Amino acid sequence: MSSILKMSLRISLIFSCCSLLISNSLATPFASNDSASRAMGGTGVASAQTYASSYFNPSLLAADAGNKGIGFMLPSATVSFDDSSRLLQTSRDYFESSYEIFSNYDVSIVSTLISGEGDASITGSFAAVSDASIAVGAKLAEDRDDDEVVNIDAEIAALISANDNLQANMDLMNTEIVRARVVVSDANVGLLALSGRPLIANAGVAVAAAVPSKKWGASAFIHNDLLTGVKIDLSGQDTQILLDVIDDFENMVEIASDVTVELSGVVVLTAELNEIMLNPPESASWDEATWFSKTPAERDAAVTELEDYANELAAKATEVDLQVTAAQQSSEQIENYDGNYISGGELTLSEDNRPELASSISIVGANIAEIGFSLARRFKINGEDVNIGITPKFQRVDLFDHTYIVEALIDGSEIEEIEQDLVGYIENHYTTKNTMNIDLGASKDFTYKGNIRVGLVIKNLIPQSFKSKGGNTITIPTQIRVGAAHTAKFTTFAFDLDITENSPLSFGEPSQYLALGAEFSLFGHAKLRAGYRNNIAVKNGATFSMGAAFTPFGVGADIAAWIKPTDDVFEAVQDVGLSVQLSSQF
């Protein structure tokens, strides 16, 4: 039994460790690797730095003319982690509650009851009862004088004791079965709760150069994002194994209970037989002189009485014999029991003899690279200055998509396939998609206690979708966002809102962000930034961000970080990230 538990724990650990890497969402939210934007909640449609215009709104290349000079992003790097489905929090709760109880469950009692030595086990208890029954029969079958009274009190006492011990063992087994079922069921429920919870890991780098101008502002950029996701599909068949073993135990105890009833009948009938044997009629003790001293009528009555006694004794002995036979036949049902994982009284489930695990782990990794340039110009529309920009870009999506069967990972066949031909293995699960796309943007400036700007951008004007070799449909959706910003001498306040709900790249949750940001300039050489972002497409999607920039002599170093606002570290990292970059603007 202990080896079975160890095997089950090992399987659970595989599931749980894989779950810590789970993602069932590989989303493409509206985001950029620009650290300044990240620090300000992800805003940028009306407030992005010149060198980041291509990522947020190409029209800002014309809007920024006369305010900021040539800019370079050299480069920017971002890493982020999204656990908005509370996988880590759920995992912690599982390991601290159900799993801890499960892993610490003492199976020694059940193990002893199933396979212990002597009458400490149920099978040993049955053997003891059987031996006691045989002893009763043997005592009754002993050769003796006709007038000898047989006393089987000791044999009956031994039978009662053996039967009581058997009943006590079965009562204990029933208690342990109930406890084990609760422990295993809770562990299984907790384990299954980890399935299907999204977790996103993202790493991105970007470089850009921009020359703003109200006539023809231009920018060139290279952007690369690596998104990784894993989805575990837990099979109820795998988590059911121990419950099936417990079902076997319950069935065996139910059979044993029936046998106990029959054995109790043996005890009662044997006691009645003993009582009859200990209380023969008085005439059974007459000697020859006494017999002939009786009248013929008394002797006739004595004969009848002795015949009735013999018949009663024989009938009761037959009842005892039949009851013992019935009990023995029923007990054979336990010895011959053939259930889910118990056969012939032996537990057949082991690490070498178990059902194949049906659970699987699907991994999707996407590398999205963009190379493009932006052009922007300021136009007069109905007498108003409006900035219009366009970004044609080349997009390449490299996708790895494969589903691993847990059984293949345990037996090593999947690893062996990788070792034998790594290149061929990757090619079998690797898909490349090359395409072109366009971003469009517009913005307009107003003057009110500084500068007010409103903006609109449409990214990925042409929605893209294609199928991976793993059968997943990958989408790059069209994204629409509006924004507004107010800039004064030492401050900038920004607001962005996704008009579209952005679908995931493959499978998972959508995103639609509302973002607020603020920037405070310290005499032109340093900046402090803070922001708020909320994914209004899901519950509890808010994060806070902060960052700083040091820009002496036109060369800047920026850093930004964001996290969920909570004291619980496992909840805080549901959406967490860091972005750093070097920039230059003159």
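The values are calculated or read from the model by the stated rules, or taken from the named source; none is laboratory data. Please read all numbers here as calculations on a predicted model, not as lab measurements. Cβ atoms come from the backbone with ideal geometry, glycine included; neighbour counts cover every protein chain shown. For the accessible areas, the whole protein counts, side chains as well, though only heavy atoms, and no ligand, DNA or RNA atoms are used. Shrake-Rupley method; radii C 1.70, N 1.55, O 1.52, S 1.80 Å.
Data table
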| quantity | calculated |
| --- | --- |
| C-alpha long axis of helix 122-140 to longest principal axis of the chain, angle in ° | 10 degrees |
| Kirkwood hydrodynamic radius over Cα pairs of segment 485-561, then Stokes diffusion coefficient at 20 °C and 1.002 mPa s, in µm²/s | 151 µm²/s |
| The chain - accessible surface per residue (Å², probe 1.4 Å) | 46 Å² |
| Cα point-scatterer Debye curve for the chain, base-10 log of I(q)/I(0) at q = 0.06, 0.07, 0.10, 0.12 Å⁻¹ | -0.53, -0.62, -0.90, -1.10 |
| J(HN,Hα) series, segment 552-557, from Karplus relation 6.51 cos²θ - 1.76 cosθ + 1.60, nearest Hz, glycine and proline x | x, 6, x, 10, x, 10 |
| Qualifying chymotrypsin sites (Phe, Trp or Tyr not before Pro) in segment 218-304, DSSP loop, other Cβ atoms within 10 Å at most 11 | none |
| Sparse-neighbour loop sites [chymotrypsin sites (Phe, Trp or Tyr not before Pro); segment 362-471; at most 12 other C-beta within 10 Å; DSSP] | 448 |
| Carbon + sulfur, % of accessible area of the chain - ligands and nucleic acids excluded, 1.4 Å | 59 percent |
| On Cα atoms only, tilt of 2-19 relative to the major axis of the chain in degrees | 20 degrees |
| Rounded, prolate or oblate (a/c below 1.5 giving rounded, otherwise prolate when a/b exceeds b/c) for segment 201-279 by Cα gyration tensor | prolate |
| Per-peptide average of other Cβ atoms within 10 Å, ordering 199-211, 300-312, 515-527, 264-276 highest first | 199-211, 264-276, 515-527, 300-312 |
| The chain: calculated mean residue ellipticity at 222 nm from DSSP helix runs of at least 4, using -39500 (n - 2.57) | -12500 deg cm²/dmol |
| Whole-number percent relative contact order across segment 499-579, with pairs defined as alpha carbons under 8 Å at least 6 apart | 19 percent |
